Amino acid sequence: MEYQSILFDQHCSRPTSDESPLPVFLHDIHMDQIIQEIVKGKEACELEPLFYTKLEHMESIRYRSAIMEEIDHVVSVEALASFSQRMGRTREYVQYSHTSPDHEQRMKWLLDAASLYCQAIIELHRAMTAAQVQSHGLKRFYAWLNDYVHTSSFTSLHIETTELHEEFSQIQFNMTIADGKIKVSATDDDQDYCKLLSRVLLQGRGAEEEDFAIRLSAGLQLSDIEKGLLSVVRKHYPAPFRKLPKYYQKHLDFIDDSIMTFDRELQFCLACLQYFHSLKHKGLTYSYPSITASRELHIKGGYDLSLASSALHGGQPVVGNHFDLTAAERICVLTGPNQGGKTTFARSLGQILHLSSIGCPVPCQEAVIFEFDRIFTHFPSQELPGTHSGKLEDELLRLKPIVDAATDRSVIILNELFFTTTTHDAYAMGSKALRLFMQRGAMCLYVTHVFELAAAHERIVSLVAVTNEFDPAKRTFRIRRQPADGIVHASSIVKKYDLTRQRIKERIQ
């Protein structure tokens, strides 16, 4: 039976690092930082391209998301993390079996690696059998795994490894150190008098026993003393040493390629789930989105992951926002005061949409996401030294590819577009851009200080970063559907800095 990927169904193929550069929009919504945090500790697995690449088909997204959710809620992240850790040590031991300068040590490293590998496979099979997996992807993998553990190749590997490993574990000998010499002899009975004596001496000191184990060498390579001891032990217990060469030659390439692929793909799921579990332990929620063919969008309690991480470190609460659009509502204009949460909301929307498109959990309580083809973003950028274009020209040059490529299935997030121009020009150019995207049928979130844009067309949905109703100078970081009113925010700023008409007149007089 052929192995089936747990990340890619029949509609899509596995990307490579070269095929998956960092998309520009990920930087604007801080997903590049979030991805680095997610894969921390797993850099050797090169998981980043998997987080960059959107799945093109809705069924592919559902396939991966269902697997992720079942690992999270049914199979157990801990059980699969244990499998992954064993596989990591297996690969490490296999590497030692290739690089150790001592031939016998290379063979023993391979035996230890195979022992770990068999334990990992058997425990994985046991965990998945108990879980009774239901997702299409995990059911296919379990069927493959069930076949694999019953193949003659794995069965013989397991039996031969267990038997030989047990023979080595039964080796016991006495070692006497005196007058600068070490005397090694075979044990004459089954009693370990040192252990018995230590138990007597440690009575009454609690359940824990001290560890008196010593190492003759701290490195991986055998020291001269260890080589000498090994030669003596080999004379007393020749049988397992004679079996090692034959075992080594037979099982030199014991790791199944499909298991290696599964383990690597599993790292993507574990990295993502362990990241969201860490947020959950700090009081934040996450959910698995419903991907639909409808053009509706429903997000409950969405939050910005990058801000959440910094806020949690600072002990600050994280504010979640709801966002709902009907199938006919495509264009939204978000206004409100500075530092009111507008950019944060824009980033959170982009993060939720992108994570949903790669089959991952999303940072919100609930989400119903429509199928889209691409995400485009346009955030303020720093002016690069040596460029000859002005800020406005730079904005237009970066906007043009979005205008050219956006379709009726695209998502466009524009943050403070034309902020370097006058209010009149920003309104004129902004309203033209909104009409263009409206005609295109794309979903667009337009964040701006030009509150008049919210009423530029009857089909525009007005969103406002609201302030405290009793003190407009205080930010709530809540986003609400309501008519824009920039005058209120301007008034609060005037009052805050004591610049009302009456106060100015009093000062002049």
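The values are calculated or read from the model by the stated rules, or taken from the named source; none is laboratory data. Computed from a prediction, not measured in an experiment: that's the story for all the values here. FYI the Cβ positions are ideal-geometry reconstructions off the backbone, even for glycines, and counts take in every protein chain you see. Ligands, DNA and RNA are stripped out before the accessible areas are found, and what is left, the full protein with its side chains, is counted by its heavy atoms. Shrake-Rupley method; radii C 1.70, N 1.55, O 1.52, S 1.80 Å.
A compact table of results
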{"read-out": "Virtual paramagnetic centre 7 Å along Cα→Cβ of residue 130, amide N under 17 Å, in the range 51-79", "value": "71-79"}
{"read-out": "Added length on full extension, which subtracts the Cα-Cα distance from 0.36 nm per residue, residue 391 to residue 201", "value": "60.4 nm"}
{"read-out": "Lysines with Cα under 22 Å of residue 250, excluding same-chain neighbours fewer than 8 positions away", "value": "108"}
{"read-out": "Environment charge at residue 295 (Cβ cut-off 15 Å; Lys +1, Arg +1, Asp -1, Glu -1)", "value": "-2"}
{"read-out": "Estimated FRET transfer efficiency (residue 420, residue 27; beta-carbon r; R0 22 Å; 0.05)", "value": "0.60"}
{"read-out": "Under 13 Å, Cβ to Cβ, from residue 93 - net charge with Lys/Arg +1 and Asp/Glu -1", "value": "+3"}
{"read-out": "Farthest toward positive dipole pole in the range 224-315 [+1 Lys/Arg, -1 Asp/Glu at C-beta], among 240, 281, 271", "value": "240"}
{"read-out": "Given charges at Cβ of Lys, Arg, Asp, Glu: the range 392-454 dipole, positive-most of 441, 392, 454", "value": "441"}
{"read-out": "The chain - percent of accessible surface contributed by carbon and sulfur, probe 1.4 Å", "value": "53 percent"}
{"read-out": "Sparse-neighbourhood loop sites, trypsin sites (Lys or Arg not before Pro) in the range 220-286 - DSSP loop, at most 16 other Cβ within 10 angstrom", "value": "282"}
{"read-out": "Extension gain (nm, one decimal) between residue 179 and residue 1, 0.36 nm per residue minus Cα-Cα", "value": "57.8 nm"}
{"read-out": "In nm, spacing of pseudo-spin labels at residue 469 and residue 440 (7 Å Cα→C-beta vector)", "value": "3.9 nm"}
{"read-out": "Cα centre as origin, Lys/Arg/Asp/Glu Cβ charges: the range 27-154 dipole, Debye", "value": "420 debye"}
{"read-out": "Percentage relative contact order, the chain, counting C-alpha pairs under 8 Å, at least six apart", "value": "16 percent"}
{"read-out": "Estimated dipole of the chain in Debye, rounded to 20 [Cβ of Lys and Arg +1, of Asp and Glu -1, Cα centre]", "value": "1480 debye"}
{"read-out": "Residue-count net charge about residue 450 - beta-carbon cut-off 12 Å; Lys, Arg +1, Asp, Glu -1", "value": "-3"}
{"read-out": "With at most 16 neighbouring Cβ atoms within 10 Å, loop GluC sites (Glu not before Pro) (DSSP) excluded, longest segment of the chain", "value": "57-207"}
{"read-out": "Net charge dipole size for the range 83-184 [Lys, Arg +1 and Asp, Glu -1 on Cβ; Debye, nearest 20]", "value": "380 debye"}
{"read-out": "Theoretical FRET efficiency, 1/(1+(r/R0)^6), r = Cβ-Cβ of residue 98 and residue 162, R0 22 Å, to 0.05", "value": "0.45"}
{"read-out": "Full-extension gain in nm, residue 40 to residue 232, via 0.36 nm per residue minus C-alpha separation", "value": "64.5 nm"}
{"read-out": "Correct choice for volume of the Cα convex hull per residue in Å³ that was computed from the model, options [x] 268; [y] 145; [z] 191", "value": "[x]"}
